[in-house]
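The values are calculated or read from the model by the stated rules, or taken from the named source; none is laboratory data. No experiment lies behind these values; they were computed from the predicted model shown. Because the Cβ atoms are built from the backbone with ideal geometry, glycine has one as well, and the counts that use them run over all protein chains shown. The accessibility values were calculated without ligands, DNA or RNA, using every heavy atom of the protein model including side chains. Shrake-Rupley method; radii C 1.70, N 1.55, O 1.52, S 1.80 Å.
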Amino acid sequence: MSDGAGIFWWVILPYLAIATFVVGHVWRYRADQFGWTARSTQLFERRLLGIGAPLFHYGALAAIAGHVIGILIPESFTESLGISETTYKDFSTGAGTLAALATVIGFALLLYRRATVKRVRVTTTRVDMLTYGLLTALIVLGSFQTIGINLIGGGYNYREDVAPWFRGVLRLNPDPELMRGVDASYQVHAVLAWGLYMLWPFSRLVHVWSAPVQYLGRPPILYRSRLGGTLPGAGLAAPIAARPLHRAGPLARPLRRVLEALPPASGGAVMGTAIVSVALALDGRDGLSEALMWIGLGIWAVLALLLLARFLVHRARFLAEAALPASLTGVAGTGVLGARLTLYGWSWAGIVALVIAALFLLALLPTVLGAWRRPTVGASFLLTVSTQSIAVLSATLAVSEQRKGLAALALVLLIVGIAFYLWVLHDFDMRQLLTGKGDHWIAGGAVAISALAAGRVVQAIDATGALSDLRELLAGLAVALIVVELIWLPLLVGGELLRPRLQFSALRWATVFPVGMYAASSFTVGAADDHGWMTDFAQAWVWVALAVWAVVAAGTIVRGVAIAGTRRSAVAVAPPGAAT
């Protein structure tokens with residue numbers, strides 16, 4: 001690049017963009033206040049908007065935060081805090097990958113919605129098209145840099161050249177020589193960003209400066225459901241009240257009855273079976289472990305087909321149940337099963353499971369959070385369990401595939417999962433310990449899977465060398481989480497003894513999972529730093545987990561046979577809140 005071109009791209013263009021950005025906003029506010037709006041199209045279509053908009057906005061905000069930290073904060077500052085550049089790069093790659101996935105999926109859904117919904121499409125202006133074009137180029141290029149270059153490839157440290165150049169622009173002392181040898185993708189990314197800043201004041205992007213901050217202190221507004229009743233609270237295993245599936249067509253009657261009775265928490269069977277298999281594998285019981293692994297894989301395949309049939313036959317019911325925390329059992333089951341298959345030596349299956357679990361988590365989170373209810377119940381902790389299951393799978397793959405980026409991604413998910421746990425715990429109804437149908441055990445199981453995730457991240461650090469500065473901190477966190485999960489154990493067992501609940505419920509799979517997770521987490525954390533007492537506890541508790549699994553599995557088989565052989569009138573869809 002010639003000196004003249006370099007001065008234009010890295011000196012003149014930045015200041016031209018900044019001037020246009022500032023003056024354009026002043027002009028827009030003074031001349032077009034009524035046009036200062038996002039021009040919402042929510043009234044025209046809500047379903048895709050309700051999924052795509054939160055994903056895009058949260059992902060974009062996380063990406064912007066990463067840019068601010070990486071560009072405005074110099075390396076010397078983070079190193080003075082004891083964070084090496086390698087650790088910073090690994091962590092930022094993991095967090096950036098998560099933000100990139102959310103942004104790409106959310107933006108793709110919004111573009112699809114705008115292109116396919118006619119009433120939305122006709123509101124699109126030429127400025128909108130140009131804005132979407134710039135955003136598409138920036139998002140695709142940024143995601144390629146994060147995932148393709150830094151996660152999968154050899155990586156590129158933009159803090160050595162791009163960041164000092166940008167800080168120089170802000171200090172009115174730009175050095176175009178810093179950008180001369182920068183990777184071409186980063187140069188294009190910077191130019192596109194300046195182009196977006198120049199377009200910003202004249203587009204609907206101005207709405208970001210009118211965020212309704214006052215809503216944070218506004219009294220809550222109660223909205224009532226139109227589903228013919230309230231959504232299930234404690235009975236999250238029960239299907240939502242809906243019309244019988246008369247239009248099932250060629251489905252055989254027994255299969256149709258099973259399809260009607262299939263609860264949203266059905267993924268709990270995969271969760272429980274897979275984690276007991278993992279615990280047995282860590283104890284060296286390969287025969288039993290592999291038997292349960294194949295059973296879990298078979299259950300996963302059957303449930304995938306049944307849920308696909310549910311979606312095709314009664315889409316409204318499927319989407320309504322997707323708003324329940326119980327729907328996250330599918331994500332958690334896929335993540336834990338993927339971890340077991342990775343331990344079996346099938347890393348390819350673990351990668352497939354990672355992609356499936358991540359996509360479904362990103363798709364379900366907006367709907368689940370949008371229908372969130374307080375006080376929370378045991379199934380509400382599935383928010384943590386689903387996130388940590390992907391963290392466990394990422395860390396397990398990091399060990400088997402020697403991928404630093406996956407270790408960093410696991411750490412980010414671990415932090416997010418713990419944050420979710422604290423948020424849910426704040427509103428948890430402790431009376432669930434005496435009244436819950438089985439899902440109350442997830443209150444302890446969510447801590448246990450967090451401990452397992454922390455232990456797996458420690459093992460990934462040892463295997464890959466990533467995030468080595470945080471190794472001792474995470475090892476201590478894993479032990480602390482083990483202690484917390486053990487505090488929950490007598491409370492959970494005591495609640496069962498005080499109020500025995502012997503009637504079968506599909507939510508009892510939510511009991512199997514925490515019981516098995518106690519063994520798996522103790523094995524993992526105990527092995528990571530040679531804590532013998534943890535391993536001794538796990539070696540005894542794994543048999544308790546296997547026994548609980550056998551009892552619940554037997555109950556499920558009996559219940560399934562009864563449903564398949566019962567007349568339609570006897571298996572009408574349970575009312576909201578009922579247990580199954």
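Residues considered: 224, 247. Of these, the only one that is open to solvent by 60 Å² or more (accessible area, probe 1.4 Å), at pLDDT below 90 and assigned to a loop (DSSP other than H, G, I, E, B) is 224. Inspect region 36-49 for any residue being within 28 Å of residue 458 (Cα to Cα), of a type in the set (S, T, N, Q) and surrounded by fewer than 19 Cβ atoms within 10 Å (Cβ to Cβ) and give the result as yes or no. No; the residues of region 36-49 include none that is within 28 Å of residue 458 (Cα to Cα), of a type in the set (S, T, N, Q) and surrounded by fewer than 19 Cβ atoms within 10 Å (Cβ to Cβ).
If you check residue 144 against the conditions, is it hydrophobic (A, V, I, L, M, F, W, C), open to solvent by 50 Å² or more (accessible area, probe 1.4 Å) and touching a residue at least 60 places away in the same chain (Cβ under 8 Å)? So residue 144 does not fit the description; no. Being surrounded by fewer than 24 Cβ atoms within 10 Å (Cβ to Cβ) and of a type in the set (S, T, N, Q) is the filter; apply it to region 392-413 and report the residue that is nearest to residue 98 (Cα to Cα). Across region 392-413, the extreme among qualifying residues is 402. Residues that are surrounded by fewer than 21 Cβ atoms within 10 Å (Cβ to Cβ) and closer than 14 Å to residue 362 by Cα within region 88-105 comprise 104, 105, listed in sequence order.
Please verify whether residue 17 is outside any loop (DSSP other than H, G, I, E, B), closer than 16 Å to residue 205 by Cβ and hydrophobic (A, V, I, L, M, F, W, C), treating the condition exactly as stated. Judged against the criteria, residue 17 is a match.
Here is a yes/no grid of residues against (1) of a type in the set (Lys, Arg); (2) closer than 20 Å to residue 74 by Cβ; (3) touching a helix residue (DSSP H, G or I) at 6+ places or on another chain (Cβ under 7 Å); (4) modelled with pLDDT of 95 or more:
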| position | (1), (2), (3), (4) |
| --- | --- |
| 126 | yes, no, no, no |
| 143 | no, no, yes, no |
| 155 | no, yes, yes, no |
| 170 | no, yes, no, no |
| 174 | no, yes, yes, no |
| 179 | no, yes, yes, no |
| 182 | no, yes, yes, no |
| 206 | no, no, yes, no |
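Checking each residue in region 527-564 for being in contact (Cβ under 8 Å) with a residue 60 or more places away in the chain, closer than 21 Å to residue 489 by Cβ, open to solvent by less than 40 Å² (accessible area, probe 1.4 Å) and not hydrophobic (A, V, I, L, M, F, W, C) picks out no residue at all. Within region 27-82, the set of residues being β-branched (Val, Ile, Thr), closer than 16 Å to residue 200 by Cβ and touching a residue at least 60 places away in the same chain (Cβ under 8 Å) comprises just one member, 37. Taking the criterion of being over 30 Å from residue 27 (Cα atoms), open to solvent by less than 30 Å² (accessible area, probe 1.4 Å) and more than 30 Å from the chain's Cα centre (by Cα), would at least one residue in region 191-201 satisfy it? Among the residues of region 191-201, not one is over 30 Å from residue 27 (Cα atoms), open to solvent by less than 30 Å² (accessible area, probe 1.4 Å) and more than 30 Å from the chain's Cα centre (by Cα), which makes the answer no. If you go through region 129-178 and keep only what is among the polar types (S, T, N, Q) and under 26 Å from the mean Cα position of the chain (by Cα), you end up with 136, 143, 145, 146, 150. Kindly evaluate residue 323 against the criterion of being within 16 Å of the chain's Cα centre (by Cα) and either at pLDDT 90 or above or over 23 Å from residue 102 (Cβ atoms) (or both). In short, no.
For beta carbons closer than 7 Å, sequence separation of 6+ or different chains, a first residue in region 258-271 that is farther than 10 Å from residue 510 by Cα and a second that is assigned to a helix (DSSP H, G or I) and among the aromatic types (Phe, Trp, Tyr), the qualifying pairs are 270/300.
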